[in-house]
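Student: Sharing a structure below in structure tokens format, with a few things to ask.
The values are calculated or read from the model by the stated rules, or taken from the named source; none is laboratory data. In this text the structure is predicted, and so the values were computed from the model without any measurement. Here Cβ is always computed from backbone atoms with ideal geometry, including for glycine, and neighbour counts include all displayed protein chains.
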Amino acid sequence: MKKNRFWQKIGKTTIVPISVKILAIVTLLLLASNFVTNYLTISLCRKEVMKLNNQILTKELKEIYVNAGNQYQIFLFSGNRQDAMSALSQASERGMTFSASWALGVTYSGELIFKTSGANFDIFPDKKALTDMFTAKDAGIDEDTRFFSTPDGEYFGVYKYHEDWGAFLVRAELMSDMMSASKAVFFNTSLIIIGLVVIFIVVAFLSLGRLLRFVGVISKSLYEMQQRQEMTIIDVKDAPADDITYLGVSFNALSSLIGNLLGIFRKFASQDVVDKAYRNRYINLEGEPMELTVLFTDIKSFTKMTETLGNDIIDVLNLHYNSAIHKIHEQDGIVGSIIGDALLAVYGVRKTDVAGYKSLSAVISGWELHSAVAELRQSMMERRKSIEQERILTEREEEIFKAVLLDIGVGIDGGSVFYGTVGSHERMANTVIGDNVNSASRMEGLTRIYKVPIIVSEYVMHEVVSLHDPSKDRFRFFEIDTVQVKGKTIGQKILFPMDLSRASDKEIKSWEQFECALTAYYRGDWGSALSELRDLYKYFEMPVAKVFIDRLEEFEGNAMPENWRGVWTMATK
């Protein structure tokens, strides 16, 4: 979102503040109102100016008419027409305000018997006006007002027919000269209006900006809410007491309600489903094949724990899952489902995940889950020591203590699975379906048999070791066995992802020797394998070695099966 002082730009859309729009509309209306009022005032003034000019021109024409009569008597006495006309022109010139003003005498033919200096023509230019004037005279109207068209512009004047001279005496003023004063008034008034409007705009902008400042706060909060994809609360602490603040308070109430519902939704749905619902505003019953890594973890001896703790088992589970889910989310895992004491997580759902890292993240999560359980066990042991400093635990407390010492197994596999939403439009569930999901569950079950914390598939191992990232060197994969779990028709290698940052040199050495024993076991040299396994169990007390010792001792002395492939078939899940 690009921002400046006056507007915001979201994408290609410009968000103009409401105060600017209001100010623009009011300004336009104010300018229009003032200019229209000014124009109407000037128009009315023009009518008054015309009336006043008409009176002045009529008065001056009367003087010219009287003077023309006197000059005619002088002409009769002297016989000098030119002197009479010259004297009449000079007398008519007096009192004229503008240089373009004129007075003249015109005969029927358009000849001028006299004229003042303002008349820049020798033949009367407006023949139509002259014809109309003589036509009116024949009808008995020998004086009136009229507009005249000349090369210098339109004139307004008054005229009267003089019988002695046989001509119309005309006194006229140029319209532009008559209206120049009103134009000046209009121009000056307009400047004053514009100046006042500018002042008004500044004052109104500051006032509206102050009154409507809370609108900007609401817009900013809504934009941040969209960017963070979570509900927000608008700060109304310093907002004015008006209807806009009421909208903000109402929004906060709605935001709190939706935020609570969204928070509840997030707790019951995986993060990718929440993101999709927020982004698309709906969830469909749909899914797609995806390449994912699946982690399955389960609490060991859960049935006995339930019998011992009763309803309190919920508190223990919540304590465990609070840490476990947090550890999974730290590695970008998504909790697919929680069923009692079992938890299923998937890695690689987000499209930005880099191939291979999903398996590494799953293995890291597996060890972090064991760390969380170890911390919980340690806190319980410290709690027991604290109690024992005061008294001895009762038999019931001893049972509870053993019950809350949680231990888990973790199985990890990966591959192509179906990931999506199933159910109906009345009840939906996000799920992951595939053979690899069942395989991860089987591997978790095998941790109880082989007495190792985590078991992974070859798929997981290959993804981790193929990474071009030094973080992969934290883990070393040791093969445990090749098993054919119940419900399967082929064998599958299972591996232990040793965390070298946690392992001692003794543990590493024991697993290296176990690899040698396993090689002998695979090739059918059970005697050599059994001898090495017994040494491992004797000197290292390696639990996985005991599994193979029991298996081989059962068949000791028997002939090796003809089709021996090193695959051990599991009778139980």
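Student: Anything in region 94-103 that is exposed (fewer than 15 other Cβ atoms within 10 Å of the Cβ) and in contact (Cβ under 8 Å) with a residue 24 or more places away in the chain? List them, or say none. Quick ask: steps written out before the conclusion?
Tutor: Of all residues in region 94-103, those exposed (fewer than 15 other Cβ atoms within 10 Å of the Cβ) come to 94-95, 97-99.
Those that are exposed (fewer than 15 other Cβ atoms within 10 Å of the Cβ) and in contact (Cβ under 8 Å) with a residue 24 or more places away in the chain: G95, T97, F98.
Student: Something else now. Do you know which residues across region 73-93 are farther than 27 Å from M175 by Cα and either surrounded by fewer than 17 Cβ atoms within 10 Å (Cβ to Cβ) or not assigned by TED's automatic domain parsing to the domain that holds D144 (or both)?
Tutor: Q73, I74, L76, F77, S78, G79, N80, R81, Q82, D83
Student: A follow-up question, please. Can you find even one residue in region 76-97 that is under 20 Å from R146 (Cα atoms) and modelled with pLDDT of 90 or more?
Tutor: Narrowing region 76-97 to residues under 20 Å from R146 (Cα atoms): 92, 96-97.
Still in the running and modelled with pLDDT of 90 or more: none.
No: region 76-97 contains no residue that is under 20 Å from R146 (Cα atoms) and modelled with pLDDT of 90 or more.
Conditions tested, residue by residue: (1) of a type in the set (K, R); (2) modelled with pLDDT under 90; (3) part of a strand (DSSP E or B); (4) not assigned by TED's automatic domain parsing to the domain that holds T569.
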site: R442; (1), (2), (3), (4): yes, no, no, yes
site: V464; (1), (2), (3), (4): no, no, no, yes
site: D473; (1), (2), (3), (4): no, no, no, yes
site: E479; (1), (2), (3), (4): no, no, yes, yes
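Student: Oh, and also: Please work out which residue is modelled with the lowest pLDDT, limiting yourself to region 54-75 and to residues that are β-branched (V, I, T) and more than 18 Å from D142 (Cβ to Cβ). Reasoning before the result, please.
Tutor: As a first pass, look at region 54-75 and keep what is β-branched (V, I, T): 56, 58, 64, 66, 74.
Next, only the ones that are more than 18 Å from D142 (Cβ to Cβ) stay: 56, 74.
Working: I56: 83, I74: 89.
For region 54-75, the residue satisfying everything is I56.
Student: Moving on to the next point. Being modelled with pLDDT of 95 or more and either surrounded by 14 or more Cβ atoms within 10 Å (Cβ to Cβ) or assigned by TED's automatic domain parsing to the domain that holds T569 (or both): is that true of L536 here?
Tutor: When the stated conditions are applied, L536 does not pass them.
Student: So which residues in region 518-533 are closer than 14 Å to T482 by Cα, free of Cβ contacts under 8 Å to residues at least 40 places away in the same chain and among the small types (G, A, S), if there are any at all?
Tutor: Hit for region 518-533 is A520, nothing else.
Student: Taking the stated definitions as given, is F114 within 21 Å of M50 (Cβ to Cβ) and at pLDDT 90 or above?
Tutor: Values: within 21 Å of M50 (Cβ to Cβ): no; at pLDDT 90 or above: yes.
So F114 does not fit the description; no.
Student: Same structure again: Could you run through region 19-33 and say how many residues are at pLDDT below 70 and aliphatic (A, V, I, L, M)? Walk me through how you get there before you give the answer.
Tutor: Going residue by residue through region 19-33, those that are at pLDDT below 70 are 19-21, 23.
Subsequent filtering for residues that are aliphatic (A, V, I, L, M) retains 20, 23.
Final tally of qualifying residues: 2.
Student: Conditions: (1) in contact (Cβ under 8 Å) with a residue 40 or more places away in the chain; (2) closer than 29 Å to S176 by Cβ. G69 meets all but one. Number of the miss?
Tutor: Answer for G69: the failing condition is (2).
Student: With the condition kept exactly as written, say whether any residue in region 344-355 is touching a helix residue (DSSP H, G or I) at 6+ places or on another chain (Cβ under 8 Å), modelled with pLDDT of 90 or more and not aromatic (F, W, Y).
Tutor: Yes; the residues of region 344-355 include at least one that is touching a helix residue (DSSP H, G or I) at 6+ places or on another chain (Cβ under 8 Å), modelled with pLDDT of 90 or more and not aromatic (F, W, Y).
Student: Here's something else I'd like to know. Out of (1) in a loop (DSSP other than H, G, I, E, B); (2) modelled with pLDDT under 95, what's the single condition that is false for A429?
Tutor: It fails just one condition, (1).
Student: Next question, about the same structure. Quick one: is D144 in a helix (DSSP H, G or I), in the same structural domain as M50 (by TED's automatic domain parsing) and of a type in the set (D, E)? Quick ask: steps written out before the conclusion?
Tutor: Values: in a helix (DSSP H, G or I): no; in the same structural domain as M50 (by TED's automatic domain parsing): yes; of a type in the set (D, E): yes.
Against the criterion (in a helix (DSSP H, G or I), in the same structural domain as M50 (by TED's automatic domain parsing) and of a type in the set (D, E)), D144 does not qualify.
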